[in-house]
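Chemist: One structure, pasted below without further comment.
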Amino acid sequence: MTDEISELQAETDAALAAATDLRAWDAIRVGVLGKSGKLTGLLKELGRASPEERRERGAALNRLKDALTTAIEARRVAIETAAMEARLAGERMDVSLPPAVAPLGLIHPISRTMEEMAAIFGAMGFAIAEGPDVEDDWRNFGALNIPAHHSAREDMDTFYVPPLHEPGASAAERRRVLRTHTSPVQVRTMLGQEPPIRVIVPGRTYRADHDATHSPMFHQVEGLALDRGLTLGHLKGCLIDFLRAFFGISNLPVRFRSSYFPFTEPSMEVDIGWNRRTGELGGGGDWLEILGSGMVHAKVLANCGIDPREWQGFAFGMGIERVTMLKHGIADLRPFYESDIRWLRHYGFNPLAPAMLHEGLER
Ligand code: 2NL
């Protein structure tokens, strides 16, 4: 009898020691304490024993039951603890390792200049307007008071695109070009909305010209402001404020010089002060031409359906590559379009620190 008890104790202890997961452990628990378990069987047999045997053996079986219950429970705790420790060991990480840095792209200097211009002119109430790169002859030249066979058309070394075959369209509407300036977008704006108008137009432009200082594709920003009673004074104030904000020089010298464009009257070229020898902007006694401007020609307004007796305004245009090179001391035009990763890393801008006027534009 007592052999059965010590046998069950020894057998269960050995089985528990060998069990390393909860499934094996549960099989042992059921096999000992379950309805048809071995201990349950011994307790059932107790009913057939004599009263004095029952007392003695009953006490022994109860001690066995306590011992086995405790051992089984202790083994469960040990198995669960071991499983948790194994999991923690597997998921351990070294928080002192350097982080895995995700590669970060950079903003191209052309894009950066456009963003800065959007920030500066945006603060003056200008919206951004965009349009197609392929334009018809009328929007690119005719509406702007550049007549057919005018030297400006040859000056601009225009790329012509095969014409559209639209029935009823005039020759100038059918003839298509890669826009030589972004002015056709201002033409579209004037045709499409009533003044007052304040827009800047950044974008790609094309001229059949290719050497060390000219690319057949380049970028321009033009601006247009139309309202009642706008004067040359508004033009000057607007452009002086823009140039000083863009170059980050609060006392930058700015000079307006009489010039000619077919689409403005009067027309003015705008120069900034610099040192020709060192390339430093701001002073030095030399002048550098930076943009063209003027009061919008009455004929251009009329061509675009606007009454020049009621609305007046100014327009301007500048090359983005040129002002970007001046601002950042970039000597050569060609790398702008070459996608050389070393050049882009050197001149690229942090995309997480975009141009925002309220923070100032200087780095
Ligand atoms: C330059 C000069 C200029 C304009 C562009 C313009 C547009 C319209 C009407 C009147 Cl729709 N003017 N644009 C005016 C003056 C100068 O650009 O040297 N650009 C690089």
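The values are calculated or read from the model by the stated rules, or taken from the named source; none is laboratory data. In this text the structure is predicted, and so the values were computed from the model without any measurement. Heads up, the Cβs are rebuilt from the backbone with ideal geometry, glycines too, and the neighbour counts pull from every protein chain shown. Keep in mind that these areas ignore ligands, DNA and RNA; they rest on the heavy atoms of the full protein, side chains included. Shrake-Rupley method; radii C 1.70, N 1.55, O 1.52, S 1.80 Å.
Chemist: At a 1.4 Å probe radius, which order do Val32, Val161 fall into by accessible area, largest first?
Modeler: Val161, Val32
Chemist: Here's something else I'd like to know. Taking the alpha-carbon distance from Lys35 and a cut-off under 22 Å, which lysines remain once sequence neighbours fewer than 8 residues away in the same chain are dropped?
Modeler: Qualifying lysines at Cα under 22 Å: Lys44, Lys65.
Chemist: Which residue, chosen from Met295, Ile330, Trp343, occupies the Cα position most advanced towards the positive end of the dipole of the stretch 271-350, where the dipole is computed from +1 (Lys, Arg) and -1 (Asp, Glu) charges on Cβ about the Cα centre?
Modeler: Towards the positive end, the residue furthest out is Trp343.
Chemist: Could you rank the peptides 11-20, 295-304 by their average count of other C-beta atoms within 10 Å per residue, with the highest value first?
Modeler: Ranking the peptides 11-20, 295-304 by packing returns 295-304, 11-20.
Chemist: How would the stretch 24-68 be classified by its alpha-carbon gyration tensor: rounded, prolate or oblate, with rounded meaning a/c under 1.5 and the a/b versus b/c comparison settling the rest?
Modeler: The shape class here is oblate.
Chemist: Could you identify which residue out of Ala119, Ala78, Ala353 has the top mean-square fluctuation in a GNM of the chain using Cα springs shorter than 10 Å?
Modeler: Between Ala119, Ala78, Ala353, it is Ala78 that shows the largest mean-square fluctuation.
Chemist: A further question follows. If one computes the Cα centroid of the stretch 1-79 and of the stretch 197-249, what distance in Å separates the two points?
Modeler: 94 Å
Chemist: Still on this structure, please answer the following. Can you compute the helix-only [θ] at 222 nm over the chain? Use -39500 (n - 2.57) per DSSP H run of at least 4 residues, normalise by all residues, nearest 500 deg cm²/dmol.
Modeler: Mean residue ellipticity, 222 nm, calculated: -13000 deg cm²/dmol.
Chemist: How large is the charge dipole for the stretch 285-341, taken about the Cα centre, if only the Cβ atoms of Lys, Arg (+1) and Asp, Glu (-1) carry charge, to the nearest 20 debye?
Modeler: 220 debye
Chemist: Next up: Each residue of the stretch 285-299 in order: what ³J(HN,Hα) in whole Hz does its phi give by Karplus 6.51 cos²θ - 1.76 cosθ + 1.60, θ = phi - 60°, with x for Gly and Pro?
Modeler: Once rounded to whole Hz, the list reads x, 9, 10, 10, 6, 10, 7, x, 7, x, 7, 4, 4, 4, 5.
Chemist: Amide H of Ala49 versus every other amide H placed in the peptide plane: which residues, excluding those fewer than 5 positions away on the same chain, fall under 5 Å?
Modeler: Counting only residues 5 or more places away or on other chains, the set is empty.
Chemist: For the pair Ala102 and Arg76, how long in nm is the line joining their label points, each one 7 Å along Cα→Cβ?
Modeler: So the label points at Ala102 and Arg76 sit 4.5 nm apart.
Chemist: Near the amide H of Ala169, under 5 Å away, which other amide H atoms are found, from residues 5 or more places off or on another chain, if H is placed in the peptide plane?
Modeler: Excluding prolines and chain starts, which carry no amide H, there are no hits.
Chemist: Positive end of the charge dipole of the stretch 121-264 (Lys, Arg +1 and Asp, Glu -1 on Cβ, about the Cα centre): tell me which of Phe261, Ser215, Gly248 has its Cα farthest that way.
Modeler: Gly248
Chemist: Can you compute the modelled spin-label distance between Ala127 and Asp307, with each label point 7 Å from Cα toward Cβ, in nm?
Modeler: According to this spin-label approximation, the distance is 2.3 nm.
Chemist: Next question, about the same structure. In whole Hz, with x marking every Gly and Pro, tabulate ³J(HN,Hα) for the stretch 79-85 from phi via Karplus 6.51 cos²θ - 1.76 cosθ + 1.60, θ = phi - 60°.
Modeler: For the stretch 79-85, the Karplus-derived couplings read 5, 5, 5, 5, 5, 5, 5 Hz, x marking Gly and Pro.
Chemist: Given R₀ = 51 Å, FRET efficiency for Lys65-Glu91 by Cβ-Cβ distance, to 0.05?
Modeler: Efficiency for this residue pair is about 0.85.
Chemist: Using each residue's phi in the stretch 49-66, evaluate 6.51 cos²θ - 1.76 cosθ + 1.60 at θ = phi - 60° and report the 3J(HN,Hα) Karplus result to the nearest Hz, with x for Gly and Pro.
Modeler: With coefficients 6.51, -1.76 and 1.60, one gets 7, 6, x, 6, 4, 4, 4, 5, 6, x, 4, 5, 5, 5, 5, 4, 4, 4 Hz.
Chemist: Still on this model: With the Cα gyration tensor of the chain giving a ≥ b ≥ c as the square roots of its eigenvalues, does the rule (a/c under 1.5 for rounded; else a/b larger than b/c for prolate; else oblate) give rounded, prolate or oblate?
Modeler: Prolate is the answer for the chain, as a/c is 1.5 or above and a/b outweighs b/c.
Chemist: Could I ask something else about it? Going by the alpha-carbon gyration tensor, a ≥ b ≥ c the square roots of its eigenvalues, is the stretch 208-338 rounded (a/c under 1.5) or, if a/c is not under 1.5, prolate (a/b greater than b/c) versus oblate?
Modeler: In terms of gyration-tensor shape, oblate.
Chemist: Right, something else. Considering only protein heavy atoms, with the full assembly of protein chains and a 1.4 angstrom probe, order Arg57, Arg63 by accessible area, largest first.
Modeler: Arg63, Arg57
Chemist: Grab the beta carbon distance between Met84 and Ala331, set R0 = 56 Å, and tell me the FRET efficiency rounded to 0.05.
Modeler: 0.30
Chemist: Mind telling me which of Leu252, Leu232, Leu42 comes out most flexible in a GNM of the chain, alpha-carbon contacts under 10 Å?
Modeler: In the Gaussian network model the winner is Leu42.
Chemist: Then there's this: Out of residues 5 or more away from Thr205 or on other chains, whose amide H comes under 5 Å of its own, with H placed 1.01 Å from N in the peptide plane?
Modeler: Residues meeting the criterion, in which the H sits 1.01 Å from N, are Phe218, His219, Gln220.
Chemist: Rounded to the nearest 20 debye, what is the charge dipole size of the chain about its Cα centre when +1 sits on each Lys and Arg Cβ and -1 on each Asp and Glu Cβ?
Modeler: Dipole magnitude for the chain comes out near 380 debye.
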